[in-house]
Amino acid sequence: MTIDYHPNSNFNKRLVTFKIRSSKLLNIMWRQRWIYLLILPTVIYFLVFKYGPLWNAQIAFRDFKPLLGVFDSPWVGFKHFEAFVTSFYFNQLIGNTLIFSVAKLILGMPLAILCAIALHETWLKRFRTFVQTTIYLPHFLSWVIMFGVLLVVLSPGNGLVNDVIKRFGGEPIPFLTSPAHFRWVVILSDIWKETGWSTILYLAALLGISPELYEAAAVDSATPIQRIWYISLPGILPVIMLITLLRMGHILEAGFNQIFVLYSVPVYSVGDIIDTWVYRQGVLQFQFSLATAVGFFKGVIGLVLILIANKIAKRVAQQGLF
Amino acid sequence: MKNWKYVLIAVVLVSTQLLAACAQEPAAPTAAPEVAATVAPVEPTAVPEPVDITLWAMATVTEAGPPPDDWIAYDRILEEVNVNLKYEILPTGSDGEAKLNAAAAANNLPDFMQMVSASNDPRGALYNLVQLGLIAQVDDMLALMPERTQKHYNDPLALSLSTFDGHLYGLPEPPPIPRREGLLIRKDWLDKLGLAVPTTPEELMAVAVAFTEQDPDGNGKKDTYGLGGFLNGDGMGTRFDFIMGAYGVAGMWDFDDAASFGLNVRNEKYPEALAFFNSLVEAKVIDPDWPTLKRDDFRARWKQGLFGIMWEDFAALSNKSNYTPFDENFPDAEWVPIPAPKGPYGDATYGVYTGRGQIFAVSQKAADEGKKEAIARLLEWMATDGYYLLGFGEEGVNFIIDANGNISTEGLDPTKAYTAAEFQPFTQMRNQLVFYNSTQEIAARYPNWTTINGRTMQPLTYLTFYQSQPWVDGRGIQVILPPANAADFLRYYTEGIVQFALGQKEVSDENWAEYLAGLDSLGAVEYEASAKQALIDAGLLK
């Protein structure tokens, strides 16, 4: 097929511009081909494992039957979304999920930043290495092991904490089965387990700050607090923004592994989250369409929150994720 | 140009690696012998291709791990049945169910598999998969395995429960020894404190208080409790049925007759039973970790001597390998079985007998690939030539059959005996697919043995005692399918009961009525009606 060339038509102007741009882009890509080659496995990974399965997310709108497959299962519209939103415990599930997620973010992040700054400020190299290793360790323990540890520490019968409480004449507290205490157990145990690991990012960001700034501050007789306030914190602000924004996308993920292991019947009212409900109703009751619909719901909410937070970040702090 | 070639090669290499990693395993070859036999005469030297069979089943001893790849049974199965068996151990409970369901969702079930259910409802799991068209009919397989059918598939009720729309879809293995759990008390503690065996809930409370307060183990510390237990199912689970049974409300359902059938929580004695349970909690005479404990945690605790009254399986208590840690800790201790306490209205029930056994099924995919005959060959072999190998190991090495026809390990290297912990991986199939509760089996599985202080331990004495107690016939529970909103309904049902038991909600008329109203709003009435109809249809409720 040949295209008539009419220099005055808008279409052809756009076509020419497009061709020039494409050619430039291809040239640039060719010049940087080795960089593109390096990134290719990652791109393929994302296409195969992250974008490919998105096509199957359509079972959220179908009554999925394995024998019929994804494409031949009947369409049911928003039936599964409706089933989730009108389910008996919907409000409680959303509430619990948000409480855990937000609390872990609000309490966990400042602690990790504080740890990173403290490690960055210390001049005893061996001490820093020792502390770093010690606080990273819990991250490598599974929640099943952590449950055993928590049982030993918090058991009302012979747990360490309750032994102390009893020694001071107090009544033992059933931390793991008491609705009044369970949320704190979840939040604080998560902080205990993950804070050390989270410091890595902030520590890396701190190490990226130009030493000249600290040298100049020293010349100006800045106190350690002033150094932190005027150099360290502003220096890692972009990383803090980035992590906060990324966490917004996972706001409806409150930590399935942790809660599934720690919760029990007496604390369902304060511990049951969206993911544990999906496990019981979706996976164990063989309602995979419902499980996918809830996953879709979470993804959409996460995307909307990221977009809003990004806009706010750009407006308030003049920097965003994209 | 040269660079392009390198780029191309690199891309192809990376892509092929990734695609290979993502690719599914190649489909197992289909059985060929039948086709060969009908199409043309087979050369005398031709050996039919072995049939690949993938089996998913739970382990007999979960902590022991699978048999090694060079297990002699794999070779024997290949030689004698022409089956290339790939045996994979399924996790128990919800993990196993999740694995099975995930495979089903991908239409990638194994050829032959055990139905696993978090709520101990294998029939419900089978029903779900049958509804999805993923399970093959197995009526025609019974004729191919006459010996196994006679020994394993001989219970008309079990067969009818695996039959849907007139076709058999599941192979119901014989249930484990029925009524095998029971109530136990530390006799040495009773003797030390000069107490009698409790016969009523009030006496049970008094003994529990004494066990908690009066240092029954004599170590000078107040570190013991009256009772121990854990939650193992919906409502109060099954571990406290002896308490609920004292008020006539053991289990979830009232199976007495069609007129009274319904959820036991409708019974006015139910809140009374919960009030009594709550009094045990308030008196702090029950291990306070009971709502969070898993079964293994609970077992570790009685072996550490933490409490003096419990509900336990006879083998989990008294078999040598299970009892030894406790024996080493407390050589003078003794657990004795006791009758169920009699409640204020004269009720005394030990527990609910459900008669649930394991169900195995063949995937439709395997049937389509013509593997049913090979699976039947394998199962028949397990019940005949392979029976002793899979159940006890190699004769003369792992076991012997004595002059009386009993299985024995006398004169054998103890580390190689079939009873040794080291040998457990080699008999992982025995409880699921091999044993059928013959007299020889039971005598071999639960032999008498001598404790450290010379007392003869007789596991079957515990079993006999348990079985002689009053049990509710709850076999009907097998035909009751969960409601559509099972997660919400069962959470509300169980959470409410446990909250009353723990005292998080006061047991009062008002609170109880509110609880029942909530249950009704979740469809309890409709659930009861459908359960009743299912029982009547199955002839299990008159």
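The values are calculated or read from the model by the stated rules, or taken from the named source; none is laboratory data. All of these numbers come straight from a predicted model, not from anything done at the bench. A quick note on method: Cβ atoms are made from the backbone with ideal geometry, for glycine too, and the neighbour counts reach across all protein chains shown.
Quick notes on this one:
- Selection within segment B:228-261: residues that are touching a strand residue (DSSP E or B) at 6+ places or on another chain (Cβ under 8 Å) and acidic (Asp, Glu). The member of this set that is farthest from the other protein chains (Cβ to nearest Cβ) is B:Asp254.
- B:Asp413 being surrounded by fewer than 18 Cβ atoms within 10 Å (Cβ to Cβ) and either under 30 Å from B:Gln131 (Cβ atoms) or assigned by TED's automatic domain parsing to the domain that holds B:Gly248 (or both): no
- Pairs meeting the criteria (first residue in segment B:391-404 and touching a residue at least 60 places away in the same chain (Cβ under 8 Å), second residue surrounded by fewer than 15 Cβ atoms within 10 Å (Cβ to Cβ), beta carbons under 8 Å, at least 6 apart or on different chains) are B:Glu394/B:Ile72.
- The set of residues in segment B:415-448 that are within 17 Å of B:Asp385 (Cβ to Cβ), in contact with a Gly (Cβ under 8 Å, 6 or more places away or on another chain) and in a loop (DSSP other than H, G, I, E, B) contains only B:Phe435.
Residue-wise test of (1) out of contact with any helix residue (DSSP H, G or I) (no Cβ under 6 Å at 6 or more places or on another chain); (2) assigned to a helix (DSSP H, G or I); (3) among the small types (Gly, Ala, Ser).
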residue: A:Ala254; (1), (2), (3): no, no, yes
residue: A:Val267; (1), (2), (3): no, yes, no
residue: A:Val270; (1), (2), (3): no, yes, no
residue: A:Arg280; (1), (2), (3): no, yes, no
residue: A:Lys311; (1), (2), (3): yes, yes, no
residue: A:Val316; (1), (2), (3): yes, yes, no
residue: A:Phe322; (1), (2), (3): yes, no, no
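- Boolean, A:Leu98 is within 30 Å of B:Tyr493 (Cβ to Cβ) and out of contact with any helix residue (DSSP H, G or I) (no Cβ under 8 Å at 6 or more places or on another chain): yes
- Candidates B:Asn232, B:Asn219, filtered to the one that is over 30 Å from B:Asn120 (Cβ atoms) and among the polar types (S, T, N, Q): B:Asn219
- Residues in segment B:130-187 that are over 22 Å from the mean Cα position of the chain (by Cα) and small (Gly, Ala, Ser): B:Gly133, B:Ala136, B:Ala143, B:Gly166.
- Per-region count, segment B:450-489, residues within 14 Å of chain A (Cβ to nearest Cβ) and more than 20 Å from the chain's Cα centre (by Cα): 7
A quick yes/no check of all residues on (1) in contact (Cβ under 8 Å) with a residue 12 or more places away in the chain; (2) among the β-branched types (Val, Ile, Thr); (3) surrounded by fewer than 20 Cβ atoms within 10 Å (Cβ to Cβ):
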position	(1), (2), (3)
B:Leu293	yes, no, no
B:Arg299	yes, no, no
B:Ile309	yes, yes, no
B:Pro325	yes, no, yes
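- Residues within segment A:112-160 that are away from chain B (no Cβ under 13 Å) and outside any helix (DSSP H, G or I), tallied: 5
- The residue of segment A:125-141 that is farthest from B:Thr212 (Cα to Cα), among those that are without any contact (Cβ under 8 Å) to a residue 40 or more places away in the chain and out of contact with any helix residue (DSSP H, G or I) (no Cβ under 6 Å at 6 or more places or on another chain), is A:Lys125.
- The single residue among A:Leu154, A:Leu188, A:Leu176 that is assigned by TED's automatic domain parsing to the domain that holds A:Leu252 and under 30 Å from A:Ile228 (Cβ atoms) turns out to be A:Leu188.
- Only one entry of B:Tyr345, B:Tyr387, B:Tyr353 meets the criterion of being under 27 Å from the mean Cα position of the chain (by Cα) and either among the charged types (D, E, K, R) or closer than 23 Å to B:Asp241 by Cα (or both), and that entry is B:Tyr353.
- A:Met109 fulfils the conditions (1) more than 14 Å from chain B (Cβ to nearest Cβ); (2) surrounded by fewer than 17 Cβ atoms within 10 Å (Cβ to Cβ) except for a single criterion, (2).
- Matching residues, segment B:238-271, being assigned to a helix (DSSP H, G or I) and buried (at least 19 other Cβ atoms within 10 Å of the Cβ): B:Asp241, B:Phe242, B:Ile243, B:Met244, B:Gly245, B:Asn264, B:Val265, B:Tyr270, B:Pro271
- Condition check for A:Val261: more than 12 Å from chain B (Cβ to nearest Cβ) and not acidic (Asp, Glu): no
- Residues in segment B:214-224 that are at negative phi and surrounded by fewer than 23 Cβ atoms within 10 Å (Cβ to Cβ): B:Gln214, B:Asp217, B:Asn219, B:Lys221, B:Lys222, B:Asp223.
- Residues in segment A:54-90 that are farther than 14 Å from A:Phe288 by Cα and part of a helix (DSSP H, G or I): A:Leu54, A:Trp55, A:Phe71, A:Asp72, A:Glu82, A:Val85, A:Phe90.
- Of the residues screened, A:Ser289 is one that is of a type in the set (Ser, Thr, Tyr), touching a strand residue (DSSP E or B) at 6+ places or on another chain (Cβ under 7 Å) and either in a helix (DSSP H, G or I) or within 14 Å of another protein chain (Cβ to nearest Cβ) (or both).
Residue-by-condition table, conditions (1) in the same structural domain as A:Glu121 (by TED's automatic domain parsing); (2) in contact (Cβ under 8 Å) with a residue 40 or more places away in the chain; (3) not in a helix (DSSP H, G or I):
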position	(1), (2), (3)
A:Asn162	yes, no, no
A:Gly170	yes, no, yes
A:Trp184	yes, no, no
A:Trp192	yes, yes, no
A:Thr195	yes, yes, no
A:Ser198	yes, yes, no
A:Glu212	yes, no, no
A:Ala222	yes, no, yes
A:Ile236	yes, yes, no
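- Verdict on A:Ser178 being closer than 20 Å to A:Ile273 by Cα, within 10 Å of chain B (Cβ to nearest Cβ), surrounded by 15 or more Cβ atoms within 10 Å (Cβ to Cβ) and over 24 Å from the mean Cα position of the chain (by Cα): yes
- Restricted to segment B:457-542, the set of helices (runs of 4 or more DSSP H) holding at least 3 residues that are exposed (fewer than 15 other Cβ atoms within 10 Å of the Cβ) and outside the structural domain of B:Gly235 (by TED's automatic domain parsing) comprises B:509-521, B:524-537.
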